[in-house]
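The values are calculated or read from the model by the stated rules, or taken from the named source; none is laboratory data. Note that the structure is predicted; figures quoted are calculated from it, not measured. FYI the Cβ positions are ideal-geometry reconstructions off the backbone, even for glycines, and counts take in every protein chain you see.
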Amino acid sequence: MNIDTRYRKINLEFLNSRGDEHFNIFYKTRSYGTVKFVRFATSKPEHHEKVIRLLESGDPLEDFYIHEDDLFKYYRHATTTLRSIVANPKVSFEKKARKVYDVSKNIMKEFFENNASEKVLRSSDEVMEIMEECFQDYDIGFYGISKITNKDYYTYTHSVNVGLYCMTYGVKIKMSHDDVRTLGLGGMLHDVGKSQISNDILNKKGLLTPQEFQLVKNHAPLGGKILGDMKCYSDSVVDMATQHHEKYKGGGYPRGIVGEEISHFARICKVMDVYDALTTRRSYKKAMSPFDTLTLMKKQMSDEFDSKILDSFIQYMGPEL
């Protein structure tokens, strides 16, 4: 069946009537083995009521799509809608967090799997700002975060998970608002270099060859270069991409730096990166329990981490294990 891959599924709930950048909305039809995308409405105010009636009808929604060229406009609408959801005191924290998580996940998926432009990646900045504002209003522990994160490992879900864990840790240790936001954003973007690595290698079930492993290791400096070249991220965010595979007592990559030569933000990211990787399912392994993961990290991997960060993370996790 022929399918035009230039169209992306969207969530109509994230459209809003105040958006000043407009685009067409399509639904998918099939005719004689060919998939076609037919215009349903636009995001202009005069069509917004049509969308609202569909959302309020209670009928099962069909899948709706936009053209890939309009992704940035769509995410502008989505973030405006998210702000109104987060500001609504009648909406539960879990619902707010799930909405923000879904938008974050879709942004990262576009970047990693569909080669979306860096302009779309910039949308993650505002989404993380919204999430940070949401979290500052609630005393949410790591268990609360674990309930909304995706438990199957994909590069894009892992990226969002690490961002959330980093941000939660920053809140717990009482970082400033700006530092919490930076830490969360850096966690979300720490693996952007993997967008330059073949999916066949990233998703390989067996052991990597030495040559393949070297290619995977390149994702750290590649990520730092991608973010540095964008000239819009702080040094802390760039360091998190470049240094999250360095080990506290040496032997990491790409530079083999040690101790406090590694950025504080990158040392935090290292803990959250390993924790999420071990507690999520992959095609070739089951997820480890939080307790077993932290035991492994503390007893067998301790040389890799800043012990103060790992110990405080375990302390904050403790009541929820």
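Structure above, values below:
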quantity: Filtered residues of the stretch 82-127 (kept if among the β-branched types (Val, Ile, Thr), under 14 Å from the mean Cα position of the chain (by Cα) and either loosely packed, with under 15 Cβ neighbours inside 10 Å or over 15 Å from Gly184 (Cβ atoms) (or both)); calculated: Val120
quantity: Some residue of the stretch 134-144 being surrounded by fewer than 19 Cβ atoms within 10 Å (Cβ to Cβ), at pLDDT below 90 and either among the hydroxyl-bearing types (Ser, Thr, Tyr) or not assigned by TED's automatic domain parsing to the domain that holds His244 (or both); calculated: yes
quantity: Matching residues in the stretch 13-55 - criterion: being aliphatic (A, V, I, L, M) and either at pLDDT 80 or above or more than 15 Å from Tyr74 (Cα to Cα) (or both); calculated: Ile25, Val35, Val38, Ala41, Ile52, Leu54, Leu55
quantity: Qualifying positions in the stretch 225-237 - outside any loop (DSSP other than H, G, I, E, B) and either without any contact (Cβ under 8 Å) to a residue 24 or more places away in the chain or surrounded by fewer than 23 Cβ atoms within 10 Å (Cβ to Cβ) (or both); calculated: Lys225, Ile226, Gly228, Asp229, Met230, Asp235, Ser236
quantity: The stretch 118-155 - residue that is β-branched (Val, Ile, Thr) and in a helix (DSSP H, G or I) and, of those, farthest from Phe72 (Cα to Cα); calculated: Ile145
quantity: Hits in the stretch 254-296 - residues which are farther than 16 Å from Ser146 by Cβ and crowded, with 16+ Cβ neighbours inside 10 Å; calculated: Pro254, Ile257, Ile262, Ser263, Phe265, Ala266, Arg267, Ile268, Cys269, Lys270
quantity: Condition met for Glu118 (within 21 Å of Leu227 (Cα to Cα) and at pLDDT 85 or above); calculated: no
quantity: Residues of the stretch 253-274 classified as part of a loop (DSSP other than H, G, I, E, B) and more than 15 Å from Leu310 (Cβ to Cβ), total; calculated: 7
quantity: Pair list, Cβ under 6 Å, 6 or more apart: the stretch 273-301 residue in the same structural domain as Gly206 (by TED's automatic domain parsing), other residue loosely packed, with under 13 Cβ neighbours inside 10 Å and in a strand (DSSP E or B); calculated: Arg281/Asp152
quantity: Residue within the stretch 156-174 that is in a loop (DSSP other than H, G, I, E, B) and more than 18 Å from Ser312 (Cα to Cα) present; calculated: no
quantity: The one condition in (1) closer than 27 Å to Lys172 by Cα; (2) surrounded by fewer than 14 Cβ atoms within 10 Å (Cβ to Cβ) that Gln243 fails to fulfil; calculated: (2)
quantity: Whichever residue in the stretch 175-219 is assigned to a helix (DSSP H, G or I) and of a type in the set (Lys, Arg) and, among such residues, is surrounded by the most Cβ atoms within 10 Å (Cβ to Cβ); calculated: Lys194
quantity: Complete set of residues in the stretch 145-167 that are surrounded by 23 or more Cβ atoms within 10 Å (Cβ to Cβ) and closer than 20 Å to Asp311 by Cβ; calculated: Val162, Tyr165, Cys166, Met167
quantity: Ser195, sole failed condition from (1) touching a residue at least 24 places away in the same chain (Cβ under 8 Å); (2) out of contact with any Phe, Trp or Tyr (no Cβ under 6 Å at 6 or more places or on another chain); calculated: (2)
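Rundown of residues vs (1) over 24 Å from Leu207 (Cα atoms); (2) of a type outside the set (Val, Ile, Thr), yes/no style:
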position: Gly256; (1), (2): no, yes
position: His264; (1), (2): yes, yes
position: Val274; (1), (2): no, no
position: Ser283; (1), (2): no, yes
position: Asp292; (1), (2): no, yes
position: Lys298; (1), (2): yes, yes
